[in-house]
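Written below as structure tokens is the structure these notes are about.
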Amino acid sequence: MNLGICDYAITQFYELFYGKYKDTSLENDADAYAFDLQFVKHEQGVVAPPIYAKTPKGTISIFQAMADKDPQGDAF
């Protein structure tokens, strides 16, 4: 399920460290925020929906239950 999302993330982080941002790094909090915002909007709005559409509801429920727990294992 997460391979498509991972492929997208890897390409974006490659651009950040070795690609178009290599010589013109994110210089301040506003630049970093803009990068993160664009990343999440594209990942959740374009990359993830077709993946989620093909994923069984039971699988999504399992992963959602995992995400709803804090690092200590307690539900929020």
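The values are calculated or read from the model by the stated rules, or taken from the named source; none is laboratory data. Quick caveat: nothing in here was measured; it's all calculated off a predicted structure. Neighbour counts run over all protein chains shown; Cβ positions are idealised from the backbone, glycine included. For accessibility, only protein heavy atoms count, side chains too; no ligands or nucleic acids. Shrake-Rupley method; radii C 1.70, N 1.55, O 1.52, S 1.80 Å.
What the table below lists for this structure:
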{"item": "Degrees separating the helix 3-17 axis from the principal Cα axis of the chain, which is the longest one", "result": "20 degrees"}
{"item": "Residue 10 accessible area, 1.4 Å probe, all protein chains in place, Å² to nearest 10", "result": "100 Å²"}
{"item": "The chain: angle of helix 29-42 to the longest principal axis, Cα-based, in degrees nearest 10", "result": "50 degrees"}
{"item": "Carbon and sulfur %, accessible surface of the chain computed with the full protein complex present, 1.4 Å", "result": "60 percent"}
{"item": "Nitroxide proxy distance, nm - points 7 Å out along Cα→Cβ at residue 25 and residue 3", "result": "3.4 nm"}
